[in-house]
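Colleague: Pasting a structure here, questions to come.
The values are calculated or read from the model by the stated rules, or taken from the named source; none is laboratory data. Just so we're clear, the structure is a prediction, and the values are computed from it rather than from any experiment. All Cβ positions, glycine included, derive from the backbone under ideal geometry; neighbour counts span all protein chains shown.
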Amino acid sequence: DADALMKKSDFVIAMGTALRNDSPGLKYAFNNVQKLNKGAGLYFHPVGDTLIPTFGKNVECFTHKPGLEEAALYLVLDLFADKEQLPDDVKEYIASFKSSETKTIKEKVMKDVTEMVKDEETGEEKEVTKKVPEMVEKEITVERNGLVDLLGGNSATFADTFEKMMKKKESFSMMIGEDFYYHDKAENLAKLIALVEQTSSIDLVMTPPKSNALGVALICDLDDAAEGYTVGYNENGDFRLSALGDGDLDMPAMNQQEGTLTNMSKRVVPTNAALEYGGYELNDIVSSLIDGQRETIDWTAKLPTAKGYQAVAFDSLANGYNNDGTENRGYLLKTSNRKANMPKVDKFDEASALEGEIVYRCNPARQFSDFTDKAHEIFEPFGLYASTAKAEELGKKVEVVFENGSIIVDVIADHKIEGDITKLSDFKSAQDIYTLFGESRYKTVTMRKV
């Protein structure tokens, strides 16, 4: 249960997610670890964000180049793994980033100075010793960690900082976000994460990229490549099922149907209809193809128990909270543990780091889809979000040119962004942003003022 994990954690690591934008729940959890649990945190991300350091004095942020996410996980292994459990080749690889250097520093010392002082009353001279400050040069040995420096940190000071962060820390957790799922090295990242789990006491929280993404991944047979004729459900496709009124066949919105979704806490949660709907539902299509169920909710008890679901009827699911705030909705997926072989991980290539004009597929904090865009209380516009300095450089409107197309968008200044990487919204499906980015959240592009 992700919620329970975060409530007990006093040290949290976040990587692969723009914490302020991607998941409000995890942003609050990261903040609460600092504020309520008097904890500490490490935040790794290519886009600098001035909000994250304000969560607490023991938050250390690493702003690294896109493509160096594997290096971040190797640093986590270096800092938290039980070295006795790590494979020898991994230990040797991590050690290859370590070095030491001699540095000359100046420090103040108190030196005894003796001088003769004449007593004004007796006229006699007497010896007086006093302490006088003096600056002296001193040679010290400084341990360097190349992983820290590569990720935008300062290894000369990080060791002392990390030692202070670790004082009295007992419960560790790590958040992994959508950047890792859309990554050229996703398989190696997954193996490195598994190695972190096996060799350390860190608990893992994976952030789903969309609502019910975990449920879809559990109950559907997924292909490695999307090819052939496609049907899009509130997504682009050759034939579109849409709750927005712009598809080939209307579907109910979330608040117009009953059913369940599986959230990131591995909880199966019931949803109820708040508004009437008089058209076809997905269950109607299924029933016309096979001998299906009369109502959508009749499928709830038939969810696959082999994937952790329970054979519980929809109307038997609890749906509320206790007076103390304890969640009492649906049920938690049954999970099982099994012993796995130690994963074989690959080294990372520093040359894979992206350079040039980089754009990041990322929504503003309150926008997630066409449905939030329809909400009257949410006003954040679609566009290209940039730091104040970058927005001034780009102007009011730009054409962002990708390898397979381009888009003209308004430039919007975000004073919490640091650096030159810009964020392009994807919450309007009609703009087809996912096609422009392909299987990545970062792209090197050309920008032209319009």
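Colleague: Of the residues PRO364, PRO343, only one is assigned to a loop (DSSP other than H, G, I, E, B), touching a Leu at 6+ places or on another chain (Cβ under 6 Å) and under 30 Å from ILE52 (Cβ atoms); which?
Modeller: PRO343
Colleague: Can you tell me which condition SER288 does not meet? The list is (1) part of a loop (DSSP other than H, G, I, E, B); (2) over 29 Å from ILE433 (Cβ atoms); (3) among the hydroxyl-bearing types (Ser, Thr, Tyr), and all the others hold.
Modeller: Only one criterion is unmet by SER288, namely (1).
Colleague: When residues of region 317-327 are filtered for being surrounded by 11 or more Cβ atoms within 10 Å (Cβ to Cβ) and not hydrophobic (A, V, I, L, M, F, W, C), how many remain?
Modeller: The first filter runs over region 317-327 and keeps only residues surrounded by 11 or more Cβ atoms within 10 Å (Cβ to Cβ), leaving 317-319, 321, 327.
Pick out the ones that are also not hydrophobic (A, V, I, L, M, F, W, C) and you get 319, 321, 327.
Result for region 317-327: 3.
Colleague: From the list GLU60, GLU107, which one is modelled with pLDDT of 80 or more, out of contact with any Ser or Thr (no Cβ under 7 Å at 6 or more places or on another chain) and closer than 17 Å to THR157 by Cβ?
Modeller: Among GLU60, GLU107, only GLU107 is modelled with pLDDT of 80 or more, out of contact with any Ser or Thr (no Cβ under 7 Å at 6 or more places or on another chain) and closer than 17 Å to THR157 by Cβ.
Colleague: Only one of these is modelled with pLDDT of 90 or more and either in the same structural domain as ASP426 (by the TED database) or buried (at least 21 other Cβ atoms within 10 Å of the Cβ) (or both): LYS27, LYS35. Name it.
Modeller: Step by step, each of LYS27, LYS35 is checked, and only LYS27 is modelled with pLDDT of 90 or more and either in the same structural domain as ASP426 (by the TED database) or buried (at least 21 other Cβ atoms within 10 Å of the Cβ) (or both).
Colleague: Is one or more of the residues making up region 318-341 under 30 Å from PHE97 (Cβ atoms) and not assigned by the TED database to the domain that holds ASP298?
Modeller: Kept after step one, since they are under 30 Å from PHE97 (Cβ atoms), are these residues of region 318-341: 340-341.
Now restrict to residues that are not assigned by the TED database to the domain that holds ASP298: 340-341.
Within region 318-341, one or more residues are under 30 Å from PHE97 (Cβ atoms) and not assigned by the TED database to the domain that holds ASP298.
Colleague: What number goes with the only condition from (1) closer than 25 Å to THR262 by Cβ; (2) of a type outside the set (Asp, Glu); (3) in contact with a Lys or Arg (Cβ under 9 Å, 6 or more places away or on another chain); (4) in the same structural domain as SER440 (by the TED database) that THR422 does not pass?
Modeller: (1)
Colleague: To continue, here is another question. Mind telling me which of the residues GLU393, GLU357 ends up being at pLDDT 95 or above, surrounded by 14 or more Cβ atoms within 10 Å (Cβ to Cβ), farther than 26 Å from PRO24 by Cα and acidic (Asp, Glu)?
Modeller: On inspection, the qualifying residue turns out to be GLU357.
Colleague: List the residue pairs whose Cβ atoms are under 8 Å apart, where the first residue sits in region 267-280 and is more than 22 Å from GLY247 (Cα to Cα), the second is assigned to a loop (DSSP other than H, G, I, E, B) and of a type in the set (Ser, Thr, Tyr), and the two are 6 or more positions apart or on different chains.
Modeller: The qualifying pairs are VAL268/TYR309.
Colleague: Filter the strands (runs of 3 or more DSSP E) completely within region 392-444 down to those with at least 3 residues that are under 14 Å from PRO381 (Cα atoms).
Modeller: It comes to 405-413.
Colleague: Residues to consider are GLY237, GLY232, GLY245; find the one that is surrounded by 15 or more Cβ atoms within 10 Å (Cβ to Cβ), part of a loop (DSSP other than H, G, I, E, B) and within 34 Å of the chain's Cα centre (by Cα).
Modeller: GLY237 is the lone residue from the list that is surrounded by 15 or more Cβ atoms within 10 Å (Cβ to Cβ), part of a loop (DSSP other than H, G, I, E, B) and within 34 Å of the chain's Cα centre (by Cα).
Colleague: Can you tell which of THR262, THR300, THR230 is at pLDDT below 95, out of contact with any His (no Cβ under 7 Å at 6 or more places or on another chain) and closer than 30 Å to MET6 by Cα?
Modeller: None of the other options fit; the residue is THR262.
Colleague: In addition: So if I check each of LYS390, LYS428, which one is in contact (Cβ under 8 Å) with a residue 24 or more places away in the chain, over 21 Å from the mean Cα position of the chain (by Cα) and within 20 Å of HIS64 (Cβ to Cβ)?
Modeller: Numbers: LYS428 fails: within 20 Å of HIS64 (Cβ to Cβ).
Sole residue among the options that is in contact (Cβ under 8 Å) with a residue 24 or more places away in the chain, over 21 Å from the mean Cα position of the chain (by Cα) and within 20 Å of HIS64 (Cβ to Cβ): LYS390.
One line per residue, one yes/no per condition, for (1) loosely packed, with under 11 Cβ neighbours inside 10 Å; (2) farther than 18 Å from SER369 by Cβ; (3) in contact with a Leu (Cβ under 6 Å, 6 or more places away or on another chain); (4) not aromatic (Phe, Trp, Tyr):
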{"position": "MET264", "(1), (2), (3), (4)": "no, no, no, yes"}
{"position": "LEU275", "(1), (2), (3), (4)": "yes, no, no, yes"}
{"position": "ASP284", "(1), (2), (3), (4)": "no, yes, no, yes"}
{"position": "SER287", "(1), (2), (3), (4)": "no, yes, no, yes"}
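Colleague: Tally the residues that are outside any helix (DSSP H, G or I) and within 17 Å of VAL47 (Cα to Cα), restricting the search to region 381-391.
Modeller: 5
Colleague: May I ask you to list pairs of residues, at least six apart or on different chains, whose Cβ atoms are under 6 Å apart, with the first in region 189-214 being outside the structural domain of PHE371 (by the TED database) and more than 19 Å from SER265 (Cα to Cα) and the second being modelled with pLDDT of 90 or more and small (Gly, Ala, Ser)?
Modeller: Pairs that qualify, where the first residue is outside the structural domain of PHE371 (by the TED database) and more than 19 Å from SER265 (Cα to Cα) and the partner is modelled with pLDDT of 90 or more and small (Gly, Ala, Ser), are THR199/ALA81; SER200/ALA81.
Colleague: Ok, one more. Name the residues in region 13-63 that are assigned to a loop (DSSP other than H, G, I, E, B) and farther than 25 Å from ASN263 by Cα, would you?
Modeller: Residues of region 13-63 that are assigned to a loop (DSSP other than H, G, I, E, B), as a first pass: 16-18, 23, 36-39, 45-47, 50-51, 56-58, 63.
Result: LYS38, GLY39, PRO46, VAL47, THR50, LEU51, GLY56, LYS57, ASN58, THR63.
Colleague: Given the structure, is ASP3 acidic (Asp, Glu), surrounded by fewer than 19 Cβ atoms within 10 Å (Cβ to Cβ) and touching a residue at least 40 places away in the same chain (Cβ under 8 Å)?
Modeller: Answer is yes for this residue.
Colleague: ALA81 - would you say it is more than 22 Å from LYS416 (Cβ to Cβ), among the small types (Gly, Ala, Ser) and touching a residue at least 40 places away in the same chain (Cβ under 8 Å)? Step through it out loud before you land on a result.
Modeller: On the way: more than 22 Å from LYS416 (Cβ to Cβ): yes; among the small types (Gly, Ala, Ser): yes; touching a residue at least 40 places away in the same chain (Cβ under 8 Å): yes.
Yes; evaluated as a whole, the condition is true for this residue.
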